[in-house]
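J.: Would you mind keeping the following structure in view while I ask a few things?
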Amino acid sequence: MYTQAMDLPGQGTGPQPVEASADDAAALARQAQFDARIDHDHKIEPRDWMPEAYRRTLVRQISQHAHSEVVGMLPEGNWITRAPSLRRKAILLAKVQDEGGHGLYLYSAAETLGVSRDDMIAALLSGKAKYSSIFNYPTLSWADMGCIGWLVDGAAIMNQIPLCRCSYGPYARAMIRICKEESFHQRQGYELMLALCNGTPEQKAMAQEAFDRWWWPVVMMFGPSDKDSIHSAQTMQWGIKRISNDDLRQKFIDATVPQAELLGLQIPDPDLKWNEQTGHYDYGAIDWDEFWRVVNGDGPCNRERLETRRRAHENGAWVREAALVYARKQAARRQREAA
Ligand code: FAQ
């Protein structure tokens, strides 16, 4: 390394690229160390060397996840003022607030990879960054609050439990706390559905109508089928993803069907049936055209969701400015006191 300044091109007569091969050897050693950590299921931490593609993949996935949490506050936020009782309002408020908190942990986890929060938020607001397809569907009745908790949080937990073992330390640790909170979210949603399904015929019908609308979008939430998933092979090799999109989807369906039966709800899939041989439920064809339409910005609420986020960001500018001025004042005071 120290000899580089002396080895100018064209100088010397002997074999030249000694330092290049030393660099190569160092790069190979770093890569081998990274691979060994992954193979031994050790965590990669922010100060550890990591391949650039690993870093970029994590930034993509964690920031998309953070955006999903923040945009995911909107469909339920829509019902806070219309909750049917003080108890339900308190529960919904706490849940929506939790989702905001999850977004903050996740933005912080992504920041440890050297990306700024401003850049991540700019990517969301410009429509460049993705967030979960599920939050582009409208919430038309109170039963949608039950379906989101029961099904959307249920699907999120199914996907996130394996992420608690993700190879990147800050993401894995954020996931542990998030999963605990999601578990409360799922239970409150199921309890809400139980109350509706045990209520009047109108309440039961409202629960079924909401379930009919949410079932397929939730099944799609796990992402494209494994054969069309562009990132899965690599992210599984890196220990970021632990279970494939299709396997998680199957686990979710297997777990949810008996829950729907307990509620007395009909699953809106005529092809759904238990398969003795596989020990899983078979299910009907997924409308992948609808999935990609929603992912690519043309779902029922994509424009509205982004517009709401943009407005919130603009309206919050004074809060960010005030917080910065306050932080600068505090830092100056500390400096004066230390002098
Ligand atoms: N929506 O190659 P793959 C929640 C994109 S949190 C939109 O399979 P990957 C909590 C994907 O990004 C919900 N886009 O990709 C809550 C990629 O595009 P890109 C969010 C999707 O990354 C509850 C392309 O398709 N959870 O719900 C979707 O290996 C209630 C190819 O796909 C997470 O983010 C989709 N559904 O697998 C909050 C968990 N699926 O990036 C409020 C972490 C796929 O190349 C209320 N993320 N795409 O442009 C993951 O586990 C993964 O990123 C997957 C996708 C499984 C989402």
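J.: Evaluate the following for Thr81: is it hydroxyl-bearing (Ser, Thr, Tyr) and more than 16 Å from the ligand (Cβ to nearest atom)? Don't jump to the end; show me each part of the working.
T.: Working: hydroxyl-bearing (Ser, Thr, Tyr): yes; more than 16 Å from the ligand (Cβ to nearest atom): yes.
In short, yes.
J.: Name the residue that is farthest from Phe291 (Cα to Cα), counting only residues in region 121-160 that are more than 11 Å from the ligand (Cβ to nearest atom) and free of Cβ contacts under 8 Å to residues at least 60 places away in the same chain.
T.: Residue satisfying both the conditions and the ranking: Ala122.
J.: Of a type outside the set (Asp, Glu), at pLDDT below 95 and farther than 24 Å from Ala156 by Cβ: is that true of Ala327 in this structure?
T.: Details: of a type outside the set (Asp, Glu): yes; at pLDDT below 95: no; farther than 24 Å from Ala156 by Cβ: yes.
Taking the combined requirement at face value, the residue does not satisfy it.
J.: Still on this model: Which numbered condition trips up Leu86, out of (1) under 26 Å from Gly299 (Cβ atoms); (2) more than 16 Å from the ligand (Cβ to nearest atom)?
T.: Looking at each condition in turn, Leu86 falls short on (1).
J.: Hey, can you tell me all the residues within region 90-120 that are over 19 Å from Arg309 (Cα atoms) and within 13 Å of the ligand (Cβ to nearest atom)?
T.: Leu92, Ala94, Ala109, Ala110, listed by residue number.
J.: Out of Met73, Met158, Met145, Met175, report the one residue that is crowded, with 16+ Cβ neighbours inside 10 Å and in contact with a Cys (Cβ under 8 Å, 6 or more places away or on another chain).
T.: So the residue among Met73, Met158, Met145, Met175 that is crowded, with 16+ Cβ neighbours inside 10 Å and in contact with a Cys (Cβ under 8 Å, 6 or more places away or on another chain) is Met175.
J.: Additional query: Looking at region 175-186, is at least one residue away from the ligand (no atom under 12 Å from the Cβ), aliphatic (A, V, I, L, M) and in a helix (DSSP H, G or I)?
T.: Among the residues of region 175-186, at least one is away from the ligand (no atom under 12 Å from the Cβ), aliphatic (A, V, I, L, M) and in a helix (DSSP H, G or I), which makes the answer yes.
J.: If you check every pair at least six apart or on different chains, which have Cβ atoms under 6 Å apart with a residue in region 219-239 that is within 28 Å of His42 (Cβ to Cβ) and among the acidic types (Asp, Glu) first and a residue that is near the ligand (Cβ under 7 Å from one of its atoms) and in a helix (DSSP H, G or I) second?
T.: Matching pairs, first to second residue: Asp226/Asn245.
J.: Note down all Cβ pairs under 9 Å where the first residue falls in region 258-272 and is loosely packed, with under 14 Cβ neighbours inside 10 Å, the second is part of a loop (DSSP other than H, G, I, E, B), and they're at least six residues apart or on different chains.
T.: The qualifying pairs are Glu261/Ile267; Gly264/Asn198; Pro270/Gly284; Asp271/Tyr283; Asp271/Gly284; Asp271/Ala285.
J.: Do the conditions hold for Arg310, that is, is it part of a helix (DSSP H, G or I) and under 30 Å from Ala210 (Cβ atoms)?
T.: Numbers: part of a helix (DSSP H, G or I): yes; under 30 Å from Ala210 (Cβ atoms): yes.
Spelling it out, Arg310 is indeed part of a helix (DSSP H, G or I) and under 30 Å from Ala210 (Cβ atoms).
J.: Here is a further query. Filter region 101-126 for residues that are farther than 12 Å from Pro170 by Cβ and touching a helix residue (DSSP H, G or I) at 6+ places or on another chain (Cβ under 6 Å); which is surrounded by the fewest Cβ atoms within 10 Å (Cβ to Cβ)?
T.: Only one residue tops the list, namely Arg117.
The values are calculated or read from the model by the stated rules, or taken from the named source; none is laboratory data. Nothing here was measured: the structure is a model prediction, and the numbers come from that model. For neighbour counting, all protein chains shown are included, and Cβ atoms are generated from backbone atoms with ideal geometry for every residue, glycine included.
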